[in-house]
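Take a look at the structure below.
The values are calculated or read from the model by the stated rules, or taken from the named source; none is laboratory data. Since this is a predicted model, take the numbers as computed values, not measurements. Don't worry about glycine lacking a Cβ; one is built from the backbone with ideal geometry, like all the others, and counts go over all protein chains shown. Ligands, DNA and RNA are excluded from the accessible area calculation, which covers all protein heavy atoms including side chains. Shrake-Rupley method; radii C 1.70, N 1.55, O 1.52, S 1.80 Å.
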Amino acid sequence: MGDGIWCHGGLYHRSRCLLVRGFSHSHQQLASLLSCWQGANSTTLCVIPTGPLVEQVQQLLPELSLDRSTTFGALTIKILPFLPQPDYDLLLSACDINFVRGEDSIVRAQWAAKPFIWQIYRQEEQAHLQKLQAFLQRYTAGWPQALTNAIVNFHHVWNTEQPLQATWQELEQVLVELPAKNLLWRNKLESHGDLASNLVRFVEKKIIIQRNFS
């Protein structure tokens with residue numbers, strides 16, 4: 001995949017290695033994705049920030065080291081400390097695909113213009129899945145059907161904790177197409193302007209201030 005090198009905390013991204021950033025809550029089907037990466041024909045480097053996900057990976061792969069990179073077949077895992085915001089953004093930009101959770105991280109991932117998988121915060125009565133579907137509908141508007149299906153299907157199984165291997169293989173086939181789409185998406189978001197400027201324009205249009213010189 002990418003040819004970039006990102007050095008921080010001992011991480012070295014080699015060329016032709018799929019660089020994945022994992023950051024999520026625990027996942028019932030995580031073992032199926034790790035197994036897929038372990039048995040792949042190409043190599044994967046997965047960097048995981050310190051947190052609950054590391055504990056689950058340690059249970060699945062007891063040989064995992066917290067201090068250095070550990071290799072399991074075609075998969076290498078590196079545990080990273082939490083990073084300052086500028087370094088976090090650099091990491092997002094260096095990765096070939098970012099697994100992110102929650103609201104702030106998905107915003108940062110979109111600005112990075114790299115492929116991402118969003119683990120949305122869960123809500124009662126599965127309301128979060130409707131929110132996710134609405135986002136994906138906007139995000140993939142105008143995409144080829146095969147590309148849309150791959151990204152939507154993986155988001156669905158990721159957020160409903162279903163087996164991941166088949167949908168990951170489907171997504172992997174189209175990963176090369178996603179950076180260009182994400183760059184267009186970021187450009188579209190930027191065209192709306194920033195919040196502060198938009199609020200000023202809104203006030204100027206909607207509110208008439210009567211000057212009183214008495």
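Quick notes on this structure:
- Sorting Tyr88, Tyr139 by solvent-accessible area of protein heavy atoms yields Tyr88, Tyr139, largest first, with a 1.4 Å probe.
- Order of exposure, largest accessible area first, which applies to Lys78, Lys205 with probe 1.4 Å: Lys205, Lys78
- Relative contact order, percent, region 46-191 [alpha-carbon distance under 8 Å, six or more residues apart]: 17
- The residues Asp67, Asp96, sorted by heavy-atom accessible surface at 1.4 Å with ligands and nucleic acids left out, run Asp67, Asp96 from largest to smallest.
- For region 12-130, the spherically averaged projection of the C-alpha convex hull amounts to 7.9 nm².
- Solvent accessible area, Å² - Val203, 1.4 Å probe, full protein context: 70
- Region 36-90: antiparallel DSSP beta bridges as a percent of all, rounded to 5: 35
- Taking Cβ atoms as reference points and 13 Å as the exclusive limit, the residues near Pro81 contribute a net charge of -1, counting Lys and Arg as +1 and Asp and Glu as -1.
- Cα shape, region 88-192, gyration tensor, a/c 1.5 rule: rounded
- Rg over Rh [alpha-carbon atoms, Kirkwood Rh] for region 140-181: 0.97
- What the phi angles of region 82-97 give under the Karplus curve with 6.51, -1.76 and 1.60, with θ = phi - 60°, is a coupling list of 5, 10, x, 3, x, 6, 4, 5, 5, 5, 4, 6, 7, 7, 7, 7 Hz, glycine and proline written as x.
- Leu147 versus Asn41: modelled label distance in nm, points set 7 Å from Cα along the beta carbon direction: 2.3
- Remark on Thr76: its backbone amide H falls under 5 Å from those of Thr44, Leu45, Cys46, a criterion applied only to residues 5 or more positions apart or on other chains, H modelled at 1.01 Å from N.
- Antiparallel DSSP beta bridges within region 40-150, percent to nearest 5: 25
- Full-stretch length increase - Gln173, Asp104 - with 0.36 nm per residue and alpha-carbon distance subtracted: 22.0 nm
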